[in-house]
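Asker: Just dropping this structure here.
The values are calculated or read from the model by the stated rules, or taken from the named source; none is laboratory data. Note that the structure is a prediction, hence the values are computed from the model and not measured. Positions of Cβ are generated from backbone atoms using ideal geometry, with glycine treated the same way; all protein chains shown enter the neighbour counts. Just so you know, the surface numbers come from the protein's heavy atoms only, side chains and all, with ligands and any DNA or RNA stripped out. Shrake-Rupley method; radii C 1.70, N 1.55, O 1.52, S 1.80 Å.
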Amino acid sequence: MTLRCAGTHVCEVPIRAAKRQTLVELLSDPQLTMEALLDRKKLTSLPGHRFRYQSSPYRILTFNVQPEVVFVAVWNGQELQIDFERCEIHGLAAIQKAVVFECRAKLTPFDALIRASASATLALASRQSFLVFPDAVLLSIGRKSLDLVFARLEQRCQKRLRKAVMQRL
């Protein structure tokens, strides 16, 4: 049996003085947008609009976890779409292979506003390493982990993305 928890989050980043075209210019450049959202020291550009990012470590229970993701970011003419291709969660010892994280996000420009939406899933591919924990505990940890992911995304959009736009005005 696979345990899975999923969630979605939408945040709106109001930028009063920004015209849609200014926001399109930023979001249509995936490299520029990713550098605005993420710590440049932890971001590596890969071929084909792909990126590798090693997140800052954080604690969950007794584990110091540090996600490393490879994702693709592509402007489709209307919005910037971000799809995770691979996510490794370092710091979970032998059980890290059982944890699967998937995420999709999009950044859509409007006049004076960027809408960021994300959906994410956290699943256990194998229950074997977690038999000592009841399902309710594992699901609670999964939901808290997703909440943390969405809180980080919200903060990056509200602070870093807004700052990048304001510098272009």
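Asker: Look at region 74-92 and say how many of its residues are touching a residue at least 24 places away in the same chain (Cβ under 8 Å) and either buried (at least 17 other Cβ atoms within 10 Å of the Cβ) or not aliphatic (A, V, I, L, M) (or both).
Answerer: Here the count works out to 11.
Asker: Here's another thing I want to ask about it. For region 26-101, give me every one of the strands (runs of 3 or more DSSP E) that falls completely inside it and has 2 or more residues that are at pLDDT 95 or above, more than 28 Å from residue 141 (Cβ to Cβ) and of a type in the set (Lys, Arg).
Answerer: Fully inside region 26-101 and qualifying: nothing.
Asker: Hey, another quick one. In region 34-73, which residue that is surrounded by 15 or more Cβ atoms within 10 Å (Cβ to Cβ) and among the polar types (S, T, N, Q) is nearest to the chain's Cα centre (by Cα)?
Answerer: The extreme case among them is 55.
Asker: If you check residue 96 against the conditions, is it surrounded by fewer than 16 Cβ atoms within 10 Å (Cβ to Cβ), touching a strand residue (DSSP E or B) at 6+ places or on another chain (Cβ under 6 Å) and more than 19 Å from residue 39 (Cβ to Cβ)?
Answerer: Spelling it out, residue 96 is indeed surrounded by fewer than 16 Cβ atoms within 10 Å (Cβ to Cβ), touching a strand residue (DSSP E or B) at 6+ places or on another chain (Cβ under 6 Å) and more than 19 Å from residue 39 (Cβ to Cβ).
Asker: Is it true that some residue in region 32-46 is aliphatic (A, V, I, L, M), touching a residue at least 24 places away in the same chain (Cβ under 8 Å) and more than 22 Å from residue 154 (Cβ to Cβ)?
Answerer: Yes - at least one qualifying residue is present in region 32-46.
Asker: In addition: Answer with yes or no whether residue 116 is open to solvent by less than 30 Å² (accessible area, probe 1.4 Å), touching a residue at least 60 places away in the same chain (Cβ under 8 Å), in a strand (DSSP E or B) and touching a Ser or Thr at 6+ places or on another chain (Cβ under 7 Å).
Answerer: No, not satisfied.
Asker: In addition: Quick one: is residue 136 within 23 Å of residue 161 (Cα to Cα) and over 19 Å from the mean Cα position of the chain (by Cα)?
Answerer: The answer is no for residue 136.
Asker: Next up: Please state which of the following conditions residue 121 fails to meet, knowing it meets all the rest: (1) in a helix (DSSP H, G or I); (2) surrounded by 13 or more Cβ atoms within 10 Å (Cβ to Cβ).
Answerer: Here residue 121 meets the rest and fails (1).
Asker: Based on what the data block shows, is residue 10 in contact (Cβ under 8 Å) with a residue 60 or more places away in the chain and surrounded by 15 or more Cβ atoms within 10 Å (Cβ to Cβ)?
Answerer: It is false that residue 10 is in contact (Cβ under 8 Å) with a residue 60 or more places away in the chain and surrounded by 15 or more Cβ atoms within 10 Å (Cβ to Cβ).
Asker: Are there any pairs with C-beta distances below 6 angstrom linking a residue in region 139-162 that is assigned to a helix (DSSP H, G or I) to a residue that is of a type in the set (Ser, Thr, Tyr) and at pLDDT below 90, with the two at least 6 apart or on different chains, and if so which?
Answerer: From region 139-162, no pairs qualify.
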